[in-house]
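The values are calculated or read from the model by the stated rules, or taken from the named source; none is laboratory data. Computed from a prediction, not measured in an experiment: that's the story for all the values here. Positions of Cβ are backbone-derived with ideal geometry, glycine not excepted, and every protein chain shown enters the neighbour counts. Surface accessibility is based on the protein's heavy atoms, side chains included, excluding ligands, DNA and RNA. Shrake-Rupley method; radii C 1.70, N 1.55, O 1.52, S 1.80 Å.
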Amino acid sequence: MAQIFPKWTNKIPVYLLIGATAALIAVVGFFWYYGSPQYTDVGYRPIQPVRYSHKLHAGDLGIDCRYCHFDIEKSPVANVPATQVCMNCHKIILPESEKLLPVRESWATGIPIKWQRVHQTPDFAYFNHAAHLRAGVGCFSCHGNVANMEVVEQVQPLSMGWCLDCHRHPEMALRPQSELTNMNWTPPANQMEIAQKTIAEKKIKPPVDCSGCHR
């Protein structure tokens, strides 16, 4: 009896299986990357109510991060500077500048400036800012070189995987307490040796189980 379908049609199920597998991998890969914080969050740079230049203040003028963010070494949450902090200088420096009009209005009315937060962990994740600084993790590790930014943007994904990588291998993120806010600090050649000593002395043991961050 003559064949109704050509012989090559016997391979159709195989081709369909291969095609479906490839399509599934492509869809998973698409959402794995384009739905990840590496793509959705890195580069986030909101428009702020005041054109504040970190490059000018922290970079050119060399103002230490802790002058404005004064709670970062003792508070679990990094503080957004109050208008008072701005006016400490700008009562005298450029007191009539048009760029600083929102700051002066905030100072006069007592209504806080509505700064847009750039770096923010989700509500279901517990993050203690002060604990990381006490361990020796500098600003640069999470925020990048803010002293070079006209407008602050997110440079790290701050994802669970990214945090776990550091918790499992924290050595390269640790630095002397005197260098916490130094954006130009580079690890010495014997960084691993120094870090291991620091870990032992401070009894640093970053949690890698769920309860460490999800409480």
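In deg cm²/dmol and to the nearest 500, what is the mean residue ellipticity at 222 nm of the chain if only DSSP H runs of at least 4 residues count, each as -39500 (n - 2.57), divided by the residue total?
Details: 9 runs with 81 residues, N = 215.
Counting only the DSSP helices, I get -10500 deg cm²/dmol.
Which pairs in the list Lys74/Lys114; Lys55/Lys197; Lys55/Lys91; Lys55/Lys114; Lys91/Lys114; Lys114/Lys205 are over 27 Å apart, alpha-carbon to alpha-carbon? Where the Cα-Cα span goes over 27 Å, the pairs concerned are Lys55/Lys197; Lys114/Lys205. Rounded to the nearest 20 debye, the dipole magnitude of the chain is 440 debye, with +1 charges on Lys and Arg beta carbons, -1 on Asp and Glu beta carbons, and the Cα centre as origin. Highest average first, the peptides 179-185, 164-170 ordered by how many other beta carbon atoms sit within 10 Å of their residues are 179-185, 164-170. Only one of (1) 20.8; (2) 13.4; (3) 19.2 was calculated from the structure for mean projected area of the Cα convex hull in nm², and its label is (1). When the Cα positions of Val27, Pro122, Pro102 are compared along the charge dipole of the chain, Val27 comes out farthest toward the positive end, with charges on each C-beta of Lys, Arg, Asp and Glu.
Span-like helices, the chain: DSSP H, alpha-carbon axial extent 27 Å or more, mean Kyte-Doolittle 0.0 or greater, which ones? Helices meeting the span and hydropathy rule in the chain are 12-34. At the residue level, Trp115 shows approximately 70 square angstrom of accessible surface with a 1.4 angstrom probe and all protein chains present. Computed over protein heavy atoms with a 1.4 Å probe, the accessible surface of the chain works out to 70 Å² per residue.
Taking a temperature of 37 °C and a viscosity of 0.692 mPa s, what whole-number D in µm²/s does Stokes-Einstein yield for segment 39-111 with Rh from Kirkwood over alpha carbon pairs?
Rounded, D is 235 µm²/s.
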